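See below for the structure under consideration.
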Amino acid sequence: MSISKELKERSQGQCELCNAEEATTSFTVSPKNDDHIANQVAVCNTCLSSMDKADAGFHWRCLEGSIWSQEPSVQALSYRLLNKLKDEQWAADLMGSVDLDENVVQWAMSGFEVAAVHKDAFGNVLEAGDNVVLTQALDVKGTNFTASKGTVVKRIKLVADNPEQIEGKINEQMIVILTKFVKKG
C-alpha cells in the first residue's frame, strides 16, 4: 500500500524500521486495520522483503534503534520481528532491555496467535450454522429434561472464546454443549 501524506510526514520519508532507506510502503500491523495512521509503519522495500526471510537476521540489527520509537505501531512491529529472532543473543538482550507498554507487547504478540478451531468428537471442524448430532445422552442443567443420544441440533453457534463449546437449541431451549459430545451431521 502506498504511503499516505500523514505517514510520510511522520516518518520524514524514511523507513521507520531501518531508517536507512526511503519509505515506499505503508505496512499495517495486524490484527489492526489500515483505517488509521496509528496502526501503520512506513517501511522500505528491503525491510518489507526481509520480513518473510528466515536468513535476514543481520538486517534486523536495525531494530536496535526502531524499538525505541515513540510510535506504538513501530514498537509493536519491531518487537514482533525481534521475537522471531529471540534465539539470537542480541535480539533476546534487546527484548529484555526495553520496557514497552503491555498493550504494545500484546499487539506485537497477537501476530503469532492462531484462531481457535471448534472440532467435534471425531476431529471434524465445526462452523457456525452446522448441524450436529449428540453422541451421548446429556443432562441439561437448569432444565428438567435429558437430551437423548442421536438428538440433532440444527444451526449451531460457536462460542467465540472457548473452542470446546458450541450453542444450540434443544426443546426450544438455547444451551451450551461441549464439542466432545457431538458429531458433525
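The values are calculated or read from the model by the stated rules, or taken from the named source; none is laboratory data. Predicted, not measured: the structure shown is a model, and the values here were computed from it. Because the Cβ atoms are built from the backbone with ideal geometry, glycine has one as well, and the counts that use them run over all protein chains shown.
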Is it the case that segment 139-155 has a residue that's under 25 Å from the mean Cα position of the chain (by Cα) and over 29 Å from N39 (Cα atoms)? no
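Within segment 58-73, is even one residue small (G, A, S), part of a loop (DSSP other than H, G, I, E, B) and in contact with a helix residue (DSSP H, G or I) (Cβ under 8 Å, 6 or more places away or on another chain)? So that I can check it myself, show each step before the final result.
Taking segment 58-73 and keeping what is small (G, A, S), we get 65-66, 69, 73.
When the remaining residues are screened for being part of a loop (DSSP other than H, G, I, E, B), the result is 69.
Checking the rest, the ones that are also in contact with a helix residue (DSSP H, G or I) (Cβ under 8 Å, 6 or more places away or on another chain) come to 69.
Checking segment 58-73: at least one residue is small (G, A, S), part of a loop (DSSP other than H, G, I, E, B) and in contact with a helix residue (DSSP H, G or I) (Cβ under 8 Å, 6 or more places away or on another chain).
For (1) more than 20 Å from V98 (Cβ to Cβ); (2) surrounded by 15 or more Cβ atoms within 10 Å (Cβ to Cβ), each residue gets a yes or a no:
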position: S4; (1), (2): yes, no
position: C15; (1), (2): no, yes
position: T24; (1), (2): yes, yes
position: I37; (1), (2): yes, yes
position: A56; (1), (2): yes, yes
position: W60; (1), (2): no, yes
position: L63; (1), (2): no, yes
Filter segment 1-37 for residues that are touching a helix residue (DSSP H, G or I) at 6+ places or on another chain (Cβ under 6 Å) and assigned to a helix (DSSP H, G or I); the one that is farthest from P72 (Cα to Cα) is E6
Looking for something within 15 Å of A91 (Cβ to Cβ), touching a Ser or Thr at 6+ places or on another chain (Cβ under 9 Å), of a type outside the set (D, E) and in the same structural domain as V104 (by TED's automatic domain parsing) - is there at least one such residue anywhere in segment 31-54? no
